[in-house]
1. Using only Cα atoms, tell me the angle between helix A:8-35 and the longest principal axis of chain A; keep it within 0 to 90° and round to the nearest 10.
2. Modelled label-to-label distance, A:Ser265 and A:Thr46, 7 Å Cα→beta-carbon offset: nm?
3. Mind sorting A:Ser263, A:Ser380 by how few other Cβ atoms lie within 10 Å of their own Cβ, fewest first?
4. What value in Å³ per residue do you get for the convex hull of the alpha-carbon atoms in the range A:146-236?
5. What fraction of the Cα pairs in the protein assembly as shown, stated in percent, has a spacing above 28 angstrom?
6. Specify which residue in the list B:Tyr74, A:Val36, A:Ser272 is farthest towards the positive end of the charge dipole of the protein assembly as shown, using unit charges on the beta carbon of Lys, Arg (+1) and Asp, Glu (-1), about the Cα centre.
7. Using the Karplus curve 6.51 cos²θ - 1.76 cosθ + 1.60 with θ = phi - 60°, work out ³J(HN,Hα) for each residue of the range A:67-82 in order, rounded to whole Hz, and write x for Gly and Pro.
8. Counting pairs of alpha carbon atoms under 8 Å apart in space and at least six apart in sequence, what relative contact order in percent does the range A:247-394 give?
Amino acid sequence: MSMNKPTVQNSLSSLQARHDETLVELELYKLLVDNVQDYAIFFMDTGGYIRTWNKGAQKNKGYTAKEIVGKHFSKFYPQSDIDNRKPDRELELARRNGRVEDEGWRLRKDGSSFWANVVITSLYDTDGTLIGYAKVTRDLTQRKAQEDELRKTNMLLKKQQHDLRLLNASKDEFISLASHQLRTPATGVKQYVGMLIEGFTGELQPGQQGLLEKAYESNERQLRIISDLLKVAQVDAGKIKPLKTMTNIHELIASIINEQHDSFSKRHQTISYIKPTNTIEARVDCNLIRMVIENIINNASKYSHENKAVAVRLSETGDAVCIEVKDQGVGIMPTDIPRLFEKFSRIDNDLSSHVGGSGLGLYWAKKIVDLHNGTIEMSSVPDAGTTFSIILPK
Amino acid sequence: MEFRMKNEPTILIVEDDIALNEAYMTILKTTYSNVFTAFNGEEALQVADQHNPGIIFLDLRMPVLDGIGFLEKYQPKQNHPDVCIVVFSNYDMQTEVDRAYELGAERYVLKALATPGSLLKIVNDLT
C-alpha cells in the first residue's frame, strides 16, 4: 500500500471534497428549516430585524418572505406589548440568559391574534460575538382554547359538586325533620293501643286482643323504620363521631347473645357462640358496634327458617378482631350481593315478605364499621346459608 | 317548704302534642290522683308554681318555651332539689340531653320506646 504523497493536487481535491460536503450539509439544513410547517423558524439580526423566513412562519403569521424580510419582529406583537417595550425586553433576556421563552398573544398579517409559544435564542459566532437571534414560534391557539374549555368545565363541575353537597345536606335535614315529626303520632298510637292491650280499659273480648296486637306490632314496625331513617340521616350527615374505648369484645358479644335468646327461641332457632381462649379487646364505640352486631345477628335469624342454627365466632389476628356470624338461612344470590349494602335495598327471597325491614340496616352497619376503619365481608350460598364477618382494627 | 305525701306523688306532664298529653294523663290517672299537664314550658312554670310537683315529665321540643328554657328558669338544682325531672323526648340529640342533665334532669326516656306500663313503672320506682 503506497501512501499518498502530499501533493498540491491532493490538497486541492480534499479541500474540494470538504467544501462539497459543507455545501451539501448547508443545503440539508436549509431544506430542513425552510420546510417545517408547524413552527415559524427564522433569524433576526442584533437589532431584531427579520432576515430569513420559513414555510411555518408564513403559515403561522400570514406574511410571505418578500413582505416581511427586513421588517422588525415587533410587528407581531399587540400594541399593548409594544407600549410596554416587551419586544426589546425579550431580546434583553435572550442576550442575558442565552434564551427566553414566552407564551402570549401575537398578531397575524390579517390583524387576527393567536396564542403563541415563543423561544428566542441568542446566536454567536466562533469568537463569541452576538450575530443575531433564532426565533421559534408555535401556534398554541387550539391548545389554549382546549385549556380554557377545561378550566371552565372544571369550574362548572366544582359548582355542581358544591350544589350537590348542599342538596345532600338539605335532604338529610328533611329526612331528619320528617322522621321526628312522624314519631309523634306514632308514639301516640303506641300509647293508646298499648293501653287497650295492657288492660287499662278492662278485659278485652276474645277477638280484640289479637287485632290490637297486630295494630301494635305494625306501629312498632313503623317506629323502627323511623328510627332507622334517623340513624341513617345522622350518619350520612357526618354527625356520628364514634366514642372509642378499650372494649372486651367477648363480653360484648356474650351480652348481645344473652339478650337474643328469647327471640331465637320464639323462632325455634339456636344461637351458639365459640368463645376465644384468651382475652380479646379492641378500641371501639361499644354502643355503635353493639348495634352493628345485633343487626347482623338479627338478620341471620330473620332470614333463616325455623329450627335453624346461627353460629357466632370471635377471633383475632395481630392487629384486628374478627366477629363472624354464620347462618343456615336462605342465602343471597350472587347477583344481589352488590346491592346488599345500599340504602333501601331489600332483596326478594323466600322470607323477605315476612321479614319487616327498612332496607337501611346493612347500609348503616357498614357506615359505622367504616368509621372504625374496619370492613364487613360476606359470603353466601343460596339455600344453604350466609356468613358475615365484621373485621375491626384493635 | 314543700309538702309531699310519700306514696301520693304530684306529677306534672309537660308535652305539646295534644294526643300524647292526654294519653299520658289517662295512663297516670289510673293509679295516681294528683296529675297535672302543661303544653309548653311557660305553662309548666305556672302549673309547677301552683301545685309543687314531685315528678315532672318534661318534653324538650315545645313552642313558646322549650324544655331547656323551662329548666333554665325553674332551676331545679338550686330551687327545687327534691323534684325529680324525667326528660321525656323523641329527639335523641346528645347535646340536648347533656344540657338537660347539666340543668338538673335526672333521667332521660325516649318517648317512642316507652309503653304505658313503663310510664307507671317509672313513677313507681321514684316514689
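FYI, it's all coordinate maths here, none of it is from the lab. Bear in mind the structure is a predicted one, so any value in this text is a computation, not a measurement. Positions of Cβ are backbone-derived with ideal geometry, glycine not excepted, and every protein chain shown enters the neighbour counts.
1. With rounding to tens, the tilt is 50 degrees.
2. 10.9 nm
3. On the way: A:Ser263 14, A:Ser380 20.
Result, fewest neighbours first: A:Ser263, A:Ser380.
4. Numbers: hull volume 7.9 nm³, N = 91.
About 87 Å³ per residue, rounded to a whole number.
5. Details: 97698 of 135460 pairs.
More than 28 Å apart: 72 percent of the Cα pairs in the protein assembly as shown.
6. Comparing the listed Cα positions along the dipole, A:Val36 ranks first.
7. 6, 10, 4, x, 7, 7, 5, 5, 3, 8, 9, x, 3, 4, 5, 5
8. Numbers: 267 pairs, mean separation 37.2, N = 148.
Dividing the mean separation by the residue count of the range A:247-394 yields 25 percent.
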